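S.K.: Before I ask anything, here is the structure I am working with.
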Amino acid sequence: MIIHLIEKKIKFLLIALGITMTISFLSWSGVVSFADTDGDGIIDSLDNCPNITNSFQYDLNGDNTGNGCDIEDDNYNKIKITNTFESITSR
Ligand SMILES: [Ca+2]
Ligand SMILES: [Ca+2]
Ligand SMILES: [Ca+2]
């Protein structure tokens, strides 16, 4: 019984180690980047505004450019006069 539990734990630890090593290798080799330039918790490759902090990733017009860095967020070609980043999302 105890040996069975130890075996299970060792298996779990080996899998966790394998996953960690795979992620580390992919990151180190440049295949996958986990950089988060603006520090908002969303990695650059998934961030709809990689250089602007916008944790909520709001995108009013759905063009995959976040409200925080979208110069035209309503699809009517109106250029925003002010860019208040995430606060725009409250509209
Ligand atoms: Ca980010
Ligand atoms: Ca961002
Ligand atoms: Ca947008």
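Taken together, the values in this text are just the output of simple stated rules run on the coordinates, not laboratory data. Everything quoted here is computed from the prediction, not taken from an experiment. Cβ coordinates were reconstructed from backbone atoms using ideal geometry, including for glycine residues, and neighbour counts include every protein chain displayed.
S.K.: For Met1, what is the net charge nearby, where nearby means another residue's Cβ is under 12 Å from its Cβ and Lys, Arg count +1, Asp, Glu -1?
M.R.: Cβ neighbours under 12 Å give a net charge of 0.
S.K.: Ranked highest first by the average count of other Cβ atoms within 10 Å around their residues, in what order do 31-37, 1-7 fall?
M.R.: 31-37, 1-7
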